[in-house]
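**Student:** My questions will all concern the structure given below.
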Amino acid sequence: MTFDRQAYFTRIGFDGVATPDLETLQRIHLLHTSTIPFENLDVLLGRTINLGLDDIFNKLVVAGRGGYCFEQNGLLRAALEDIGFEVEDLGARVLMSLPPEMPSRTHRLLLVTINQQRFIADVGFGGKSLTAPVRLEADVAQTTPHGVYHLTRVENDYLLSIQHKDEWQPLYRFDLSFQYPADHEAGNHYVSTWPASHFRHHLMLCLKNVDGTMLTQIDWQFNEGEPRIIEQADELYQLLMDKFGLRVDDKRHGFSREEFAAACRF
């Protein structure tokens, strides 16, 4: 498809001139994370997550929905390339839950080069998502509107961590290997269909305010046998629209209260 830059800018509230420089990248990065929610509702609804640009654009921009890393960073990549940025796809191994063994690459992020300086851009990591690009530079604390991040070298990889109280919490580990679309398709299929996937047992939504003062987040685990009442589903369904700005009326990408309640096991 031909990327509709103006429709994307309208969706995230960007105005002014966009040029492939750091200031533009920082503005778009922050606005994207404060207007397009991170969410995994389609996984819970049993829908296929399609990664074609047409599908991502129609869902996140036209239909007013959100998505997770494969969709979010796919949309950001298309926008940045349309402006003229040099962008590459990377894949990361998520370490936030401290897995006992090294996991597979199930996270999509971007490498952006501006005047020979490289930055990590990532608008799809939920509550710990970057709201500003960070320089690909190890052992330097980097402040963003929603937290302080830190890259370290581990063997041939980079490890991204976020400052939590007086400690560094590891988020994910990545290298600079080229990622083919098939690599993202495999990771996307795995996290959206594997029975033990975190995405299949949690309702996850996150939206960050542009001023950096508040984080709106839901990470709700489904426990078997947990008593719930249908009024809770109605309240949460309304919250999706009122607090997260999600549209639920699109013929293809919308969903009813009843569909939502069933997906969340009320």
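What follows draws every value from the coordinates through simple rules; no lab data is involved. Everything numeric here is computed off the predicted structure, so don't read it as measured data. Here the Cβ is made from the backbone with ideal geometry for all residues, glycine too, and neighbour counts use every protein chain on show.
**Student:** Could you give the nm distance between label points at residue 115 and residue 81, where each point is 7 Å from its Cα heading toward the beta carbon?
**Tutor:** Reported label-point gap for residue 115 and residue 81 is 2.5 nm.
**Student:** Give the lysines reachable from residue 251 as a straight Cα distance under 28 Å; neighbours fewer than 8 places away on the same chain don't count.
**Tutor:** Residue 251 reaches 59, 208, 243.
**Student:** For the range 73-168, which GluC sites (Glu not before Pro) are both in a DSSP coil and crowded by at most 10 other Cβ atoms within 10 Å?
**Tutor:** In loop regions of the range 73-168 (DSSP not H, G, I, E or B), the sparsely surrounded GluC sites (Glu not before Pro) are 101, 155.
**Student:** If you look at just the Cα atoms of the range 51-126, how large are its Rg and its Dmax in Å?
**Tutor:** Cα radius of gyration and Dmax of the range 51-126 are 13.7, 41 Å respectively.
**Student:** What does the charge count near residue 15 come to, summing +1 for each Lys or Arg and -1 for each Asp or Glu among other residues with Cβ under 13 Å from its Cβ?
**Tutor:** That works out to +3.
**Student:** Once the piece of chain linking residue 88 and residue 17 is laid out straight, how much longer is it, given 0.36 nm per residue of separation minus the C-alpha distance between them?
**Tutor:** 23.2 nm
**Student:** At 222 nm, what value in deg cm²/dmol follows for the chain if DSSP H runs of at least 4 each add -39500 (n - 2.57) and the sum is divided by all its residues, to the nearest 500?
**Tutor:** -8500 deg cm²/dmol
**Student:** Taking the beta-carbon count within 10 Å as an exposure proxy, list 161, 256 from fewest neighbours to most.
**Tutor:** 256, 161
**Student:** How do 189, 32, 164 line up, fewest other C-beta atoms within 10 Å first?
**Tutor:** Sorted ascending by nearby Cβ count, the order is 164, 189, 32.
**Student:** Note down the net charge around residue 254, summing +1 for each Lys or Arg and -1 for each Asp or Glu among other residues with Cβ under 10 Å from its Cβ.
**Tutor:** Value of the local net charge: +1.
**Student:** Give the residue list of chymotrypsin sites (Phe, Trp or Tyr not before Pro) in the range 149-180 that are DSSP loop and have at most 16 other beta-carbon atoms within 10 angstrom.
**Tutor:** 178
**Student:** Choose one answer from 157, 42, 89: the residue with the largest mean-square fluctuation in a GNM of the chain with alpha-carbon springs under 10 Å.
**Tutor:** Result for the chain, Cα springs under 10 Å: 157 fluctuates most.
**Student:** Could you line up 96, 204, 241 from fewest to most neighbouring Cβ atoms inside 10 Å?
**Tutor:** So the residues, fewest neighbours to most, are 241, 96, 204.
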